[in-house]
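Scroll down for the structure; my scribbles are underneath it.
Computed from the coordinates by the stated procedures, all read-outs in this text should not be read as laboratory data. What you see is a predicted model, and the numbers here were worked out from it, not measured in a lab. With ideal geometry, Cβ positions are generated from the backbone for all residues, glycine too; neighbour counts draw on all protein chains shown.
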């Protein structure tokens, strides 16, 4: 990452402190929900009856470290087979777009997510980890969907 990017990231942490939120549900479930930058949707899902059908629910705010963490968690939990990607993508960083590109296209030799339009889509993941992730899960692209009732069919059908 360049110095300007690092500085901007540190400045954002000070001016806009964002608490990481990840919620564990049913450890036997194969569903993970990623609400991207939509905190309200995440809160609604966590407080709903759907959590008994969901393994983990959380947000994704960065196209690099966030994706690294998400992929490593998923491949360490072999039960997860479906990721429902929903909520609003973070403006500028587009981590949802980058995660979907990673799933479809993988990474190049520089570990850049192929096809990503994000400003810094470089991962620390290995090609082997990416391939394992691609083979383990199916991503359901519901980016932009912020209404929990519109996600109920996906949650109910995948559990």
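Numbers below:
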read-out	value
Complete set of residues in the range 35-49 that are closer than 23 Å to residue 75 by Cα, surrounded by fewer than 22 Cβ atoms within 10 Å (Cβ to Cβ) and either free of Cβ contacts under 8 Å to residues at least 12 places away in the same chain or touching a helix residue (DSSP H, G or I) at 6+ places or on another chain (Cβ under 9 Å) (or both)	37
All positions within the range 70-112 that are assigned to a strand (DSSP E or B), crowded, with 23+ Cβ neighbours inside 10 Å and in contact with a strand residue (DSSP E or B) (Cβ under 6 Å, 6 or more places away or on another chain)	83, 84, 85, 86
Filtered residues of the range 113-146 (kept if touching a residue at least 40 places away in the same chain (Cβ under 8 Å), assigned to a loop (DSSP other than H, G, I, E, B) and surrounded by fewer than 16 Cβ atoms within 10 Å (Cβ to Cβ))	119, 124, 144
